[in-house]
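The values are calculated or read from the model by the stated rules, or taken from the named source; none is laboratory data. Given the structure is predicted, the values throughout are model-derived calculations rather than measurements. So basically every Cβ, Gly included, is an ideal-geometry build from the backbone, and we count neighbours across all protein chains shown.
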Amino acid sequence: MKTLWIILFGCCAILPFETYALMAANNDLGDQASLRRGAQYYSQYCLSCHGLQYQRYRTVAHDLAIDKHTLRRSIIIDPNVRWTEPMQSVLSKQNMQEWLGVAAPDLSLVTKQHSVDWLYTYLHQFYRDEQRPLGVNNLLVPNVMMPNVLEWLQGSQVAVRKEQGQMTLSASSTGTLSKAEYDQLVRDLVNYLAYAAEPKQQEQQQLGIWVIGFLLIFTILSLFLKKEYWRDVH
Ligand code: HEC
């Protein structure tokens, strides 16, 4: 009975967040080109504030087949950082606290903590809000303290209230990318973060297929063996 109450209470607590309609990221962890682009976008647009403490540049380069030149030129931003080091944020926690009022969290596990679709939606739902200290807000994470770093690419949005009282966003100015280009950029970014959350996932899946294949062959072999064996017995 107690368990039932816990489950019921848990569902009620989660419900208001989970009912928000998320957009579908449709990312593909097998798409290496997308992961490589995602790694570059991440370094360009996110790494100044958000580290990936479990990722080393070397591992990323190895896993995604990124050559040393590209790694140096467009992924390791800080020339003083060696490629064997973990991907730490460029700004210190203290600086961010001073400048933004809050330190940006490490994003190593963000796609697990929320989901890939959640992150894809989050990066689509920033809007102008003069009431907020940075002049921006986010529909998915109300009152978030992150600046809208991709606004120049996506364009600006404003919140509009629908008849039912819900809010939706509408574009108020265009960015440098088309809608399809922006969607693809965000898809690459979340794809990369999904990989970063579990770099070995691809390998594990491939290993799983081998194991199943082996078991199948083994079963067929033993069936034949069994037949052979019983033929001699009769
Ligand atoms: C200028 C610094 C800065 C940059 C650049 C930046 N962020 Fe953030 N981000 C923040 C801060 C600060 C927070 C914490 C906001 C809060 O706690 O309200 C945050 C929060 C987040 C969150 C967590 C939201 C939540 O509630 O869990 C996600 C996800 C995120 N950022 C993703 C990104 C991605 C992806 C990029 C790159 C496209 C990026 N950020 C670039 C400063 C930054």
Report task. Would you be able to tell me the number of residues in region 134-157 that are within 7 Å of the ligand (Cβ to nearest atom) and among the hydrophobic types (A, V, I, L, M, F, W, C)? Result -> 6
Query raised in the report: Mind checking which pairs have a first residue in region 80-105 that is in contact (Cβ under 8 Å) with a residue 60 or more places away in the chain and a second that is among the aromatic types (Phe, Trp, Tyr) and within 13 Å of the ligand (Cβ to nearest atom), Cβ under 8 Å, 6 or more apart or different chains?
Result: none
Query raised in the report: What number of residues in region 145-182 are closer than 12 Å to Leu123 by Cα and among the aliphatic types (A, V, I, L, M)?
Result: 4
Query raised in the report: Out of all the residues in region 84-103, which are in contact with a strand residue (DSSP E or B) (Cβ under 8 Å, 6 or more places away or on another chain) and either of a type in the set (Gly, Ala, Ser) or closer than 19 Å to Leu193 by Cα (or both)?
Result: Glu85, Pro86, Met87, Gln88
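Mind counting the residues in region 143-188 that are in a helix (DSSP H, G or I), hydrophobic (A, V, I, L, M, F, W, C) and within 15 Å of Arg128 (Cβ to Cβ)?
Taking region 143-188 first, the residues in a helix (DSSP H, G or I) are 151-154, 179-188.
From the residues that got through so far, the ones that are hydrophobic (A, V, I, L, M, F, W, C) too are 152-153, 180, 185-186.
Narrowing the set further to residues that are within 15 Å of Arg128 (Cβ to Cβ) leaves 152.
Looking only at that region, the number is 1.
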Requested in this report: Return a yes/no flag: does region 28-35 have any residue that is touching a residue at least 60 places away in the same chain (Cβ under 8 Å) and within 14 Å of the ligand (Cβ to nearest atom).
Outcome: no
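Is it true that Leu193 is within 12 Å of the ligand (Cβ to nearest atom), closer than 30 Å to Gln53 by Cα and either in a helix (DSSP H, G or I) or in contact with a Ser or Thr (Cβ under 8 Å, 6 or more places away or on another chain) (or both)? So that I can check it myself, show each step before the final result.
Working: within 12 Å of the ligand (Cβ to nearest atom): yes; closer than 30 Å to Gln53 by Cα: yes; either in a helix (DSSP H, G or I) or in contact with a Ser or Thr (Cβ under 8 Å, 6 or more places away or on another chain) (or both): yes.
Yes: the conditions hold for Leu193.
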Query - Filter pass, Tyr57 being touching a strand residue (DSSP E or B) at 6+ places or on another chain (Cβ under 9 Å), modelled with pLDDT of 90 or more and away from the ligand (no atom under 15 Å from the Cβ) - result: yes
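Each row is one residue, and each column tells you yes or no for (1) modelled with pLDDT of 95 or more; (2) surrounded by 15 or more Cβ atoms within 10 Å (Cβ to Cβ); (3) basic (Lys, Arg).
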| site | (1), (2), (3) |
| --- | --- |
| Leu150 | yes, yes, no |
| Gln184 | yes, no, no |
| Asn191 | yes, yes, no |
| Lys200 | no, no, yes |
| Glu203 | no, no, no |
| Gln206 | no, no, no |
| Leu215 | no, no, no |
| Leu223 | no, no, no |
Requested in this report: Quick one: Leu215 ticks every box in (1) within 16 Å of the ligand (Cβ to nearest atom); (2) over 21 Å from Met23 (Cα atoms) except a single one, so which number is it?
Outcome: (1)
